[in-house]
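Participant: Okay, here's the structure, questions in a sec.
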Amino acid sequence: MVDQYRLPRSVTPSRYAITLEPDLRAARFSGRETVEIQVAEAVDQIVLNSIELEIDEAWVEAPDGARLDATVTYDEATERATLALSGRLAAGQATLHTTFRGILNDKLHGFYRSTFTGQDGASHVIATTQFEATDARRAFPCWDEPEAKASFEITLVVDEGLTALSNAAEVRRTPTDDGRLEVRFAETMRMSTYLVAFIVGPLEVTEPVDVDGTPLRIAHPLGKSKLASFALESGAFALRFFQDYFGLPYPGDKLDLVAVPDFAFGAMENLGCITFREVLLLIDPERATQP
């Protein structure tokens with residue numbers, strides 16, 4: 001009975017390369033991805049998770065280099081997309097390509113909009129993520145089950161002046177022809193889809209604190225830097241404490257703690273990019289209660 005709720009095991013991912021282009025004003029985004037897949041047995045279709053996404057194009061590059069185009073159908077009840085291939089895909093390694101579009105929703109899950117009012121009285125928009133337990137599928141087509149671990153290389157194309165964050169350290173930023181910036185992040189360790197995160201918006205980021213080789217920063221809405229010192233101090237203490245307690249090094253290449261104005265949880269343990277409800281991270285030690 002349980003297996004009817006699980007994706008087929010005939011095709012599984014090993015690595016995602018995802019590029020996303022959020023439009024904060026229009027509350028929409030477009031994206032493209034390349035997924036390295038392992039094909040356990042010959043198939044003529046691929047089933048993965050997708051909801052509130054329009055997959056405009058999908059194709060598979062077969063092990064012999066042949067291109068198999070896919071026709072996409074959706075099952076909204078099970079939040080799945082089925083890619084019917086133009087030919088039979090042999091067992092082995094292959095590469096899935098998709099281009100897609102989606103919405104920045106107001107539901108506090110998936111890839112969603114968070115807003116805040118700045119000190120100047122103007123309203124500002126942040127695009128942020130909350131994927132636990134099954135909402136990565138609202139941001140990119142994927143095998144959205146914890147068992148289907150893979151590495152992730154994220155690229156965000158953003159307007160000039162906006163901050164872009166993800167799980168891993170930024171490795172390159174390149175100006176685009178239309179005046180935006182393409183920000184690429186390092187590849188992550190293998191992990192579940194619900195731990196992926198990306199955030200774009202008018203955020204300030206503190207100078208990093210070196211915690212035994214790991215840079216720790218606080219990201220927060222504009223004008224609130226004076227409320228970040230306690231989180232920096234606590235974050236550095238906790239990171240050192242747990243490395244010592246477990247006798248294991250921190251597995252990420254950096255650690256950002258991100259204050260999000262609209263956030264349904266208390267915090268979310270995304271690798272290297274932990275998101276918090278703003279009032280639980282930004283604190284004035286002179287005014288806050290001890291709890």
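The values are calculated or read from the model by the stated rules, or taken from the named source; none is laboratory data. Source: prediction; values computed, not measured. Counting neighbours? That spans all protein chains shown, and the Cβs are built from the backbone with ideal geometry, glycine included. The area values use the complete protein model at the heavy-atom level, side chains included, leaving out ligands, DNA and RNA. Shrake-Rupley method; radii C 1.70, N 1.55, O 1.52, S 1.80 Å.
Participant: Checking ASP120 against (1) surrounded by fewer than 15 Cβ atoms within 10 Å (Cβ to Cβ); (2) touching a strand residue (DSSP E or B) at 6+ places or on another chain (Cβ under 7 Å): exactly one of these is not met. Which one?
Facilitator: That leaves (2) as the condition not met.
Participant: Only one of LEU68, LEU96, LEU85, LEU48 is at pLDDT 95 or above, open to solvent by less than 50 Å² (accessible area, probe 1.4 Å) and in contact with a Cys (Cβ under 7 Å, 6 or more places away or on another chain); which?
Facilitator: Details: LEU68 fails: in contact with a Cys (Cβ under 7 Å, 6 or more places away or on another chain); LEU96 fails: in contact with a Cys (Cβ under 7 Å, 6 or more places away or on another chain); LEU85 fails: in contact with a Cys (Cβ under 7 Å, 6 or more places away or on another chain).
Sole residue among the options that is at pLDDT 95 or above, open to solvent by less than 50 Å² (accessible area, probe 1.4 Å) and in contact with a Cys (Cβ under 7 Å, 6 or more places away or on another chain): LEU48.
Participant: State which residue pairs qualify: first residue under 17 Å from VAL211 (Cα atoms) and inside the range 255-271, second residue among the acidic types (Asp, Glu) and open to solvent by 10 Å² or more (accessible area, probe 1.4 Å) in any location, beta carbons under 7 Å apart, and separation of 6 or more residues or different chains.
Facilitator: Taking only residues 6 or more apart or on different chains, not a single pair turns up.
Participant: May I ask you to verify whether GLU207 is closer than 23 Å to GLU132 by Cβ, open to solvent by 10 Å² or more (accessible area, probe 1.4 Å), at pLDDT 95 or above and part of a loop (DSSP other than H, G, I, E, B)? If you could, list the steps in order and put the result at the bottom.
Facilitator: Working: closer than 23 Å to GLU132 by Cβ: no; open to solvent by 10 Å² or more (accessible area, probe 1.4 Å): yes; at pLDDT 95 or above: yes; part of a loop (DSSP other than H, G, I, E, B): yes.
When the stated conditions are applied, GLU207 does not pass them.
Participant: Given (1) more than 22 Å from LEU257 (Cβ to Cβ); (2) under 11 Å from the mean Cα position of the chain (by Cα); (3) open to solvent by 40 Å² or more (accessible area, probe 1.4 Å), where does ARG101 come up short, assuming only one miss?
Facilitator: Evaluating ARG101 over (1) more than 22 Å from LEU257 (Cβ to Cβ); (2) under 11 Å from the mean Cα position of the chain (by Cα); (3) open to solvent by 40 Å² or more (accessible area, probe 1.4 Å) leaves (2) as the failure.
Participant: Further, regarding this structure: Does the range 235-287 hold any residues that are over 18 Å from PHE198 (Cα atoms), of a type in the set (Gly, Ala, Ser) and either open to solvent by less than 50 Å² (accessible area, probe 1.4 Å) or touching a Phe, Trp or Tyr at 6+ places or on another chain (Cβ under 6 Å) (or both), and which are they?
Facilitator: GLY235, ALA236, ALA238
Participant: Among the residues in the range 43-55, are any under 30 Å from HIS124 (Cα atoms), of a type in the set (Asp, Glu) and part of a loop (DSSP other than H, G, I, E, B)?
Facilitator: Let us first name the residues in the range 43-55 that are under 30 Å from HIS124 (Cα atoms), namely 50-55.
Checking the rest, the ones that are also of a type in the set (Asp, Glu) come to 52, 54.
Then drop every residue that is not part of a loop (DSSP other than H, G, I, E, B), which leaves 52.
Yes; the residues of the range 43-55 include at least one that is under 30 Å from HIS124 (Cα atoms), of a type in the set (Asp, Glu) and part of a loop (DSSP other than H, G, I, E, B).
Participant: In this structure, does ALA168 turn out to be part of a strand (DSSP E or B), at pLDDT 95 or above and in contact with a strand residue (DSSP E or B) (Cβ under 6 Å, 6 or more places away or on another chain)? Before the answer, list the steps.
Facilitator: Values: part of a strand (DSSP E or B): no; at pLDDT 95 or above: yes; in contact with a strand residue (DSSP E or B) (Cβ under 6 Å, 6 or more places away or on another chain): yes.
Answer is no for this residue.
Participant: Taking interchain pairs and intrachain pairs at least six residues apart, which have beta carbon atoms under 8 angstrom, with the first residue in the range 3-28 and more than 24 Å from ILE126 (Cα to Cα) and open to solvent by less than 20 Å² (accessible area, probe 1.4 Å) and the second among the aliphatic types (A, V, I, L, M) and not in a strand (DSSP E or B)?
Facilitator: What qualifies is LEU7/ALA148; VAL11/ALA40; PRO13/ALA148.
Participant: In addition: If you take the residues in the range 51-65 that are acidic (Asp, Glu) and modelled with pLDDT of 95 or more, which one is least open to solvent (accessible area, probe 1.4 Å)?
Facilitator: First pass over the range 51-65, keeping only residues acidic (Asp, Glu): 52, 54, 56-57, 61, 64.
From what is left, the residues that are modelled with pLDDT of 95 or more are 52, 54, 56-57, 61.
Working: GLU52: 65, GLU54: 93, ASP56: 85, GLU57: 82, GLU61: 84 Å².
Applying the filter and picking the extreme gives GLU52.
Participant: Could you list, in sequence order, all residues of the range 82-125 that are assigned to a strand (DSSP E or B) and aliphatic (A, V, I, L, M)? Steps first, please.
Facilitator: Residues of the range 82-125 assigned to a strand (DSSP E or B): 82-89, 92-103, 105, 110-117, 123-125.
Hits for the range 82-125 are LEU83, ALA84, LEU85, LEU89, ALA94, LEU96, ILE103, VAL125.
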